[in-house]
Amino acid sequence: MPFTRRHLLGLEDVSSEELSYLLDTAQSFKEISEREIKKVPTLRGKTVVGMFYEASTRTRTSFEIAAKRMSADFVSLSASTSSVTKGETLLDTARNLDAMRPDALILRHASSGAPHFLAARLDCAVINAGDGAHEHPTQALLDLLTMRERKQKLAGLTVAIVGDVLHSRVARSNVFALKTLGANIRLVGPPTLLAPEMRAWGDVTTDLHEGVRDADVIMMLRIQLERQGKNFFPTVDEYSRYFCLTESAVARAKSDVMIMHPGPINRGVEIASDVADGPYSVILDQVTNGIAVRMAVLYLLTNQARTQTHSEGETQAELAAPEVEVVAPRLRRKVG
Ligand code: CP
């Protein structure tokens, strides 16, 4: 089997064979969601735990639906309603959950490297559901599946990724996977949101109309105000004047361009409503494909033995996150 990893932490080191296998597996699961009875026994007896330390609508819900459509038991934990509020660390929380013998633990966390930190310390499979500004591998996989369905290929496509590239884990995972699969990348945004090292990822431009010219795919990104510690542009109004995707910008792309956005959308900021809801938009197809991708990821990871050692692609160096900044939450003292 081309995909034998214990964990899904990111796509930077995932090969084209592994990516294709993940996408093929997801494609094969798609029809389950079209059935009248949307349930198969494939993961009966498996337990999946979701740890969502940051807000999520699509990722959290679709992992839960994916697990349940495959008959796995799914338990979800939010930081705000867990003993994290009493000062328990991420590692202690995860070790306690691991002691309950789940098969997979899904983590969304504001700290880049948090899933890698846990993967090196737990027995169960760890799935990165978005770590800080680092990676969001299942989002990129569902994006790839959506592109491949529409365009019948990924190699040779020109994909313009527009907006807050600097803070976007969606952009990073997509860039890594698209480059592996032979797509051409264009990164578009204000200079403050494009780091110099991104020139190694693809063509870089600060001009929206130039960036989307003749593109096969335009992937819009949300402005990640929650990750911006300083002002990267004067005002949101000024940002949208230059980088909001309108119909006049879309007209410069190929006539069969696909407009993508991972959500949540800030209408009128990075994308005009008539574009988000228009004929080129595949935004809701992306959401639909999120179920199939997450079914595939759960299926492939939970069928690896719990005690299996890490596969060749997961050396300890790779499990050690590049930017781990996992800290214990501050103890909040209650008065009275
Ligand atoms: N695309 C995405 O990750 O959406 P959520 O934050 O709602 O999960």
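The values are calculated or read from the model by the stated rules, or taken from the named source; none is laboratory data. None of the values given here were measured: they were computed from a predicted structure. Here Cβ is always computed from backbone atoms with ideal geometry, including for glycine, and neighbour counts include all displayed protein chains. When the accessible area is computed, the model is the full protein with side chains, heavy atoms only, and any ligands, DNA or RNA have been set aside. Shrake-Rupley method; radii C 1.70, N 1.55, O 1.52, S 1.80 Å.
For the range 177-192, how many residues meet the condition of being in contact with a strand residue (DSSP E or B) (Cβ under 8 Å, 6 or more places away or on another chain) and under 21 Å from Asp13 (Cα atoms)?
Summing the residues that are in contact with a strand residue (DSSP E or B) (Cβ under 8 Å, 6 or more places away or on another chain) and under 21 Å from Asp13 (Cα atoms) in the range 177-192 gives 7.
Quick test for you: out of His116, His136, pick the one residue that is within 29 Å of Glu226 (Cα to Cα), more than 16 Å from the ligand (Cβ to nearest atom) and crowded, with 19+ Cβ neighbours inside 10 Å.
So the residue among His116, His136 that is within 29 Å of Glu226 (Cα to Cα), more than 16 Å from the ligand (Cβ to nearest atom) and crowded, with 19+ Cβ neighbours inside 10 Å is His116.
Show the residue pairs meeting these rules: Cβ distance below 7 Å; 6+ apart or different chains; first residue within the range 55-75 and more than 8 Å from the ligand (Cβ to nearest atom); second residue of a type in the set (Asp, Glu) and open to solvent by less than 80 Å² (accessible area, probe 1.4 Å).
That search, which allows pairs on different chains as well, returns Phe74/Glu64.
Of the conditions (1) more than 20 Å from the chain's Cα centre (by Cα); (2) farther than 17 Å from Phe176 by Cβ; (3) part of a loop (DSSP other than H, G, I, E, B), Ala155 clears all except one; give me its number.
(2)
Residues that are under 20 Å from the mean Cα position of the chain (by Cα) and at positive phi: which strands (runs of 3 or more DSSP E) entirely in the range 1-116 hold 1 or more of them?
none
Limited to the range 94-111, what total is found for residues that are away from the ligand (no atom under 15 Å from the Cβ) and either modelled with pLDDT under 95 or small (Gly, Ala, Ser) (or both)?
Step one: filter the range 94-111 for residues away from the ligand (no atom under 15 Å from the Cβ), giving 94-105, 111.
When the remaining residues are screened for being either modelled with pLDDT under 95 or small (Gly, Ala, Ser) (or both), the result is 94, 99, 104, 111.
So the answer is 4.
Which residues, counting only those in the range 119-133, are of a type outside the set (A, V, I, L, M) and either assigned to a strand (DSSP E or B) or away from the ligand (no atom under 14 Å from the Cβ) (or both)? Reasoning before the result, please.
First, the residues of the range 119-133 that are of a type outside the set (A, V, I, L, M): 121, 123-124, 128, 130-132.
Hits for the range 119-133 are Arg121, Asp123, Cys124, Asn128, Gly130, Asp131.
Pick out, from the range 175-271, the helices (runs of 4 or more DSSP H) lying fully within it that include 1 or more residues that are among the hydrophobic types (A, V, I, L, M, F, W, C) and assigned by TED's automatic domain parsing to the domain that holds Leu22. Please lay out each step first, then the result.
On the way: elements: 208-212, 236-243, 247-250.
Per the criteria, no element qualifies.
For the list (1) open to solvent by 60 Å² or more (accessible area, probe 1.4 Å); (2) farther than 28 Å from Cys124 by Cα; (3) modelled with pLDDT of 95 or more; (4) out of contact with any strand residue (DSSP E or B) (no Cβ under 9 Å at 6 or more places or on another chain), I need the number of the one condition that Gly263 fails.
(1)
Within the bounds of the range 203-215, is there any residue that is open to solvent by less than 70 Å² (accessible area, probe 1.4 Å) and over 20 Å from Ser248 (Cα atoms)?
Looking through the range 203-215, at least one residue is open to solvent by less than 70 Å² (accessible area, probe 1.4 Å) and over 20 Å from Ser248 (Cα atoms).
Across the range 94-110, what is the number of residues that are farther than 18 Å from Leu300 by Cα, crowded, with 20+ Cβ neighbours inside 10 Å and in contact with a Phe, Trp or Tyr (Cβ under 8 Å, 6 or more places away or on another chain)?
Number satisfying all stated conditions: 2.
Regarding the range 121-128, can at least one residue be identified that is open to solvent by 50 Å² or more (accessible area, probe 1.4 Å) and farther than 28 Å from Asp285 by Cα?
yes
Would you check which residues across the range 267-284 are open to solvent by 60 Å² or more (accessible area, probe 1.4 Å) and either within 14 Å of the ligand (Cβ to nearest atom) or among the aromatic types (Phe, Trp, Tyr) (or both) and list them?
Initial filter on the range 267-284 (open to solvent by 60 Å² or more (accessible area, probe 1.4 Å)): 267, 274, 277, 279-280, 284.
Within the range 267-284, Tyr280, Leu284 meet the criteria.
Going by what's in this entry, would Ser82 be described as among the hydroxyl-bearing types (Ser, Thr, Tyr), outside the structural domain of Glu149 (by TED's automatic domain parsing), modelled with pLDDT under 95 and away from the ligand (no atom under 15 Å from the Cβ)?
Details: among the hydroxyl-bearing types (Ser, Thr, Tyr): yes; outside the structural domain of Glu149 (by TED's automatic domain parsing): yes; modelled with pLDDT under 95: yes; away from the ligand (no atom under 15 Å from the Cβ): yes.
Judged against the criteria, Ser82 is a match.
Listed here are the residues, each with its yes/no results for (1) of a type outside the set (Lys, Arg); (2) modelled with pLDDT of 95 or more; (3) out of contact with any Lys or Arg (no Cβ under 6 Å at 6 or more places or on another chain); (4) open to solvent by 50 Å² or more (accessible area, probe 1.4 Å).
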position: Arg5; (1), (2), (3), (4): no, yes, yes, no
position: Leu9; (1), (2), (3), (4): yes, yes, yes, no
position: Ile37; (1), (2), (3), (4): yes, yes, yes, yes
position: Ser62; (1), (2), (3), (4): yes, yes, no, no
position: Val75; (1), (2), (3), (4): yes, yes, yes, yes
position: Asp92; (1), (2), (3), (4): yes, yes, yes, yes
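How about the range 87-118: which of its residues are free of Cβ contacts under 8 Å to residues at least 40 places away in the same chain and of a type outside the set (Asp, Glu)?
Within the range 87-118, Arg95, Asn96, Ala99, Leu118 qualify.
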